[in-house]
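The values are calculated or read from the model by the stated rules, or taken from the named source; none is laboratory data. None of the values given here were measured: they were computed from a predicted structure. Quick reminder, even Gly has a Cβ in these numbers, built from the backbone with ideal geometry, and neighbours come from all protein chains shown. Each accessible area value is taken on the protein alone, full model and side chains, heavy atoms only, with ligands, DNA and RNA left out. Shrake-Rupley method; radii C 1.70, N 1.55, O 1.52, S 1.80 Å.
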Amino acid sequence: MRKNIVAGNWKMNNDLAQTETLITDLKAQTQTSNAEVMIAPTATNLWQAYQTLKDTSGIEVIAQNMHFAENGAYTGEVSAAMLKSVGVTTVILGHSERREYFNETDALLAKKVDAALANDMRTIFCFGEELADRKAGNEEAVVEAQIKNALFHLGADAFKNIVLAYEPVWAIGTGETASPEQAQDMHAFIRKTLADTYGAEVADNMSILYGGSVKPANAQEIFSKPDVDGGLIGGAALKATDFYAIVNAF
Ligand code: PEP
């Protein structure tokens, strides 16, 4: 079912003590919206975060990345089974920083998505065009290719465990935001792309998040658009009051 979701991607920020402090601050906030709330701490702190939040908070602890293999000779990597063993059942895949700095391709991401689904994990699948693509008018073609290459080998049922996150690369961490109209146009295009292949039910039930410099000041306008079902939040997720101002913007 289509849900409103606000997920905070902490990236490589916050050691264990800082994670505990931010979680304490998050627990002190009041949620007035119906959005599902998620935070993605760094891998070393997932277990502690899960233990602290699991019973009462309504905040889901999710992972920023995982490997496609179950286990084996992949130094430095973490598998789906390992994430599940520390209480994590949702993973962000395909973030533009993973694509850019760790050379993650659509083909690799397809394998990661398969591994997540095989382990009954929900995937927040990220994609988005670069500034040059938008300047050239190619943003829809780029986004369509990213989605199709990584996801369109799946059957319709798999999409129940997928959330899409449109994150134009030029808006991530730059302070520059897609206008609410640009976000709406792209989200409508993504929904249509899904509908064309998988039908209206899959498309209508898909939660499509926007990411890229969402802040308390612009969240409400972006979230008011009919095809925007929430946000993936970077910088503003590191301050509890800002994050909850965004959560409560629905
Ligand atoms: C992100 O990294 O997913 C993101 C949206 O970052 P920011 O909100 O800082 O632009």
Practice item. Report yes if some residue within the stretch 118-129 is assigned to a helix (DSSP H, G or I) and either modelled with pLDDT of 95 or more or open to solvent by 60 Å² or more (accessible area, probe 1.4 Å) (or both); otherwise report no. Key: yes
Review point. Could you list, in sequence order, the residues of the stretch 88-117 that are open to solvent by less than 20 Å² (accessible area, probe 1.4 Å) and not in a helix (DSSP H, G or I)?
Key: V88, T90, V91, I92, L93, G94, H95, E104
Practice item. Residues being buried (at least 16 other Cβ atoms within 10 Å of the Cβ) and of a type in the set (S, T, Y): count how many of those fall in the stretch 169-194. Key: 2
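Can you name the residue in the stretch 205-218 that is more than 11 Å from the ligand (Cβ to nearest atom) and surrounded by 19 or more Cβ atoms within 10 Å (Cβ to Cβ) and is also farthest from the chain's Cα centre (by Cα) among such residues? It would help to see each step written out before you state the result.
As a first pass, look at the stretch 205-218 and keep what is more than 11 Å from the ligand (Cβ to nearest atom): 205-208, 216-217.
This time we only want the ones that are surrounded by 19 or more Cβ atoms within 10 Å (Cβ to Cβ), so: 206, 208.
Numbers: M206: 13, I208: 9 Å.
Applying the filter and picking the extreme gives M206.
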Revision key, fill the gap. Quick count over the stretch 219-250, residues being open to solvent by 30 Å² or more (accessible area, probe 1.4 Å), free of Cβ contacts under 8 Å to residues at least 60 places away in the same chain and not basic (K, R), is 6
**Study point:** Lone unmet requirement of (1) open to solvent by 10 Å² or more (accessible area, probe 1.4 Å); (2) within 16 Å of the ligand (Cβ to nearest atom); (3) touching a helix residue (DSSP H, G or I) at 6+ places or on another chain (Cβ under 7 Å); (4) not charged (D, E, K, R) for V202
**Key:** (2)
Practice item. Any residue in the stretch 200-216 that's aromatic (F, W, Y): show its pairings with residues that are modelled with pLDDT of 95 or more at Cβ separation under 6 Å, as long as the two are six or more apart or on different chains. Key: Y210/Y166; Y210/A183; Y210/I222; Y210/V228; Y210/G231
Review point. Which condition number in (1) over 23 Å from K215 (Cα atoms); (2) in contact (Cβ under 8 Å) with a residue 12 or more places away in the chain; (3) of a type outside the set (S, T, N, Q); (4) surrounded by 17 or more Cβ atoms within 10 Å (Cβ to Cβ) is the one that D133 fails?
Key: (2)
Review point. Restricted to the stretch 130-147, and to residues that are assigned to a helix (DSSP H, G or I) and among the aliphatic types (A, V, I, L, M), which residue is farthest from S207 (Cα to Cα)?
Key: A132
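Could you grab me the full set of residues in the stretch 167-225 that are among the hydroxyl-bearing types (S, T, Y) and touching a strand residue (DSSP E or B) at 6+ places or on another chain (Cβ under 6 Å)? Working first, answer last.
So in the stretch 167-225, the residues among the hydroxyl-bearing types (S, T, Y) come out as 174, 177, 179, 193, 197-198, 207, 210, 213, 224.
Residues satisfying the conditions are S207, Y210.
Would you kindly identify the helices (runs of 4 or more DSSP H) lying entirely within the stretch 161-250 that contain at least 1 residues that are of a type in the set (S, T, Y)? Give the derivation first.
Details: elements: 180-198, 200-205, 216-223, 240-247.
Where helices (runs of 4 or more DSSP H) fall fully within the stretch 161-250 and carry at least 1 residues being of a type in the set (S, T, Y), they are 180-198, 240-247.
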**Study point:** Pair list, Cβ < 8 Å and 6+ apart or interchain, from the stretch 9-28 residues that are closer than 20 Å to S213 by Cα to residues that are of a type in the set (D, E, K, R) and open to solvent by less than 80 Å² (accessible area, probe 1.4 Å)
**Key:** K11/E97
